[in-house]
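Below: the structure, in structure tokens.
Computed from the coordinates by the stated procedures, all read-outs in this text should not be read as laboratory data. Small disclaimer: the values here were computed from a predicted structure and weren't measured. Note that each Cβ is placed from the backbone with ideal geometry, even for glycine, and that neighbours are counted across all protein chains shown.
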Amino acid sequence: MKRKNSFVLDEKDDKAVTLFSELGMPRNLAKTLMYISQVPECRSADVEQGADLRQPEVSVAMQEMRRRGWAKKRDLKKKGKGRPVHIYTLTKALPEILRNFESDKMKQVQTIKSDLSELQSLIKEYK
């Protein structure tokens, strides 16, 4: 990740995002994951700018990351009135997240193999 006024995803990060996407992870989730994995903590606005996403895309990605147990949020109260700012951090290191993702994908592969095998058995009757 390169640092301009704030962090932005670089070519290596983009390649990781592409690979995650090709393996079935939503692109916005992959971009958010790659961004948040390289900073100690961040705000949604940081992710928007650094990962080139819109606010609703970041919000959905962060909800999914929290649902999967990959990230947590804390509220930072602003001075005066207004809504608190959400601060996000990863709860697991990127290699551990990749292992979880890989495990899920391997289960899907096994299910596909089993379904194909069952389908081949059923189709033999139609010859």
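Summary table below
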quantity	calculated
Hz values of 3J(HN,Hα) by residue in the stretch 99-111 - Karplus curve (6.51, -1.76, 1.60), Gly and Pro given as x	4, 4, 4, 4, 4, 4, 5, 5, 5, 4, 4, 4, 5
Neighbour-count ranking [beta-carbon atoms within 10 angstrom, fewest first] of MET106, MET62	MET106, MET62
Amide H partners (placed H, <5 Å) of ASP10, local residues excluded	LYS2
Calculated FRET value between SER121 and LEU23, using beta carbons and R₀ = 30 Å, to 0.05	0.55
For the stretch 76-127 versus the stretch 8-66, the gap between their alpha-carbon centres in whole angstrom	15 Å
Helix 27-36 vs. the chain, principal-axis angle (Cα, 0 to 90°, nearest 10)	50 degrees
q = 0.14, 0.16, 0.18, 0.21 Å⁻¹, the stretch 2-92: log10 I(q)/I(0) [Debye, one scatterer per Cα]	-0.47, -0.61, -0.76, -1.02
Sorted peptide list for 115-123, 92-100, criterion being average Cβ within 10 angstrom, highest first	92-100, 115-123
Order of LYS81, LYS15, LYS31 under a 10 Å beta carbon neighbour criterion, fewest first	LYS81, LYS15, LYS31
Added length on full extension, which subtracts the Cα-Cα distance from 0.36 nm per residue, LYS12 to GLN110	32.3 nm
Principal-axis tilt of helix 11-22 within the chain, Cα atoms, nearest 10 degrees	40 degrees
Cα-based helix-to-principal-axis angle, 55-67 vs the chain, degrees rounded to 10	60 degrees
